[in-house]
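Here the structure comes first, spelled out in structure tokens, and everything after it is commentary.
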Amino acid sequence: MSENLGDKDLESLGYEHVQKILNHQRIKQDTQRFRKDQPRLLRAAIVCAFAVILGIYALLPASKIAAVQVTGNSVLPSSYIEELGGLSTKKLFYTSIPSLISYKVRQNPIVSDCKVSLLSGNVVKVAVTEKKVLGYRYTDSAQVVLEDGSTAPLLSQYLDLIANVPLIIGFDADEDTQKLAQAMADVKPEIISQMAEIDKYSLSYDASTVRVLMRTGGYFYASYDSFYKVNYYFDVYANMSDRSLCVVGTDWGSIVNTQVCPWNQTSDDYWTDSNGNVITNSSGDKAIKHYYTDENGNDALDANGNKIPIPIDENGDEVVDGDFLAHYADGEYSTGTYVSSDSN
């Protein structure tokens, strides 16, 4: 029987028969809609099932990060690095994205590189490479000075680093900061950790001198070019009989010696002529009398027990014997001045 009936046809049929036709049409339409919506309903069911499974998994202790392993850091605390990376044992292990964590940690200017890996046992490993910290300073705000001459804010999260690096004074200009960074390029981190303060100290013969107060209470000073010789400070300091002297990184050879600290020098420490007048050098400054030291950094003495001065030329400039230690060991300074053994 045709399902497309007109009004007259419907009137000629009984009520029950019409109801059967209408029900059949509704069932057919519902079936068609179901088949059309079936893929969408299937996807929705899968998503709901996945959400339920994930929800149950998230409630299990085995789903969380068991531990965070931070390596390579000496300045930034491990807890701060975990905070930077958004890591904690409350977070889901498999939702930890290594590249995203690395990116977050590298936003701190002290961090030069960061590699993140997911280990067995739900452990997240964060391997950090830090820039060398030269010290800290106060300008408009507290700052950390880094190996490339850049600066970073000194935050409360890593304020404890000031116990391991020196306070830098007087190197506020960018040019001065860069010079200091270059001078400290080869200074070992373990030596930097033994420095209390770094500042400028203008000598009569060198206006560009860097002075360091060590945590021992002693002083080291040198030019920018010779500043790396602070690495030998403790080799000399350990054998010094008079620790009121300064350890000096000289500009000649590989010598590190001891001298009366410039701020403790008296008129007796200057060269004078036969009339007792202080001699000036080619720069017009007073010629300071410096003395040779032995291999242990102590005063080198002649046969009469007198200190051996570094001689000066007619212009008042020092004439340093680059092979002093060898000549001294051969007894060629027994008179207080160099006398070659070949001339005997």
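Pairs spanning more than 32 Å between alpha-carbon atoms, out of K179/K286; K188/K286; K125/K200: K188/K286; K125/K200.
Across region 125-139, computed HN-Hα scalar couplings (Karplus, 6.51 cos²θ - 1.76 cosθ + 1.60, θ = phi - 60°) run 9, 10, 9, 10, 10, 9, 6, 5, 8, 7, x, 9, 8, 10, 10 Hz from first to last residue, x flagging Gly and Pro.
Accessible surface ranking for V47, V339, 1.4 angstrom probe, highest first: V47, V339. Just to be sure I understand the curve: with the Debye formula and one point per C-alpha of region 60-141, what is log10 I(q)/I(0) at q = 0.16 Å⁻¹? Taking Cα atoms of region 60-141 as identical point scatterers yields -0.59. Residues R243, R137 ordered from highest to lowest accessible area at a 1.4 Å probe: R243, R137. A convex hull fitted around the alpha carbon atoms of region 122-254 yields 141 Å³ per residue.
Note on S334 and V319: the model spin-label points, each 7 Å out from Cα along the C-beta direction, lie 2.3 nm apart.
Each residue of region 158-168 was assigned a 3J(HN,Hα) from its phi angle through the Karplus curve 6.51 cos²θ - 1.76 cosθ + 1.60 (θ = phi - 60°); the sequence is 9, 5, 4, 5, 5, 7, 10, 9, x, 7, 9 Hz, with glycine and proline shown as x. For the pair V123 and N298, the difference between a 0.36 nm per residue extended length and the Cα-Cα distance amounts to 57.5 nm. Under 8 Å for C-alpha pairs, at least 6 residues apart: give me the relative contact order for region 177-242, rounded to a whole percent. Taking the mean separation of contacting Cα pairs over the length of region 177-242, I get 30 percent.
The values are calculated or read from the model by the stated rules, or taken from the named source; none is laboratory data. Worth saying up front: this structure is predicted, and the values here are computed from it rather than measured. Backbone-built Cβ (ideal geometry, glycine too); neighbour counts: all protein chains shown. Note: accessible area is taken over every heavy atom of the protein model, side chains too, but ligands, DNA and RNA are not part of it. Shrake-Rupley method; radii C 1.70, N 1.55, O 1.52, S 1.80 Å.
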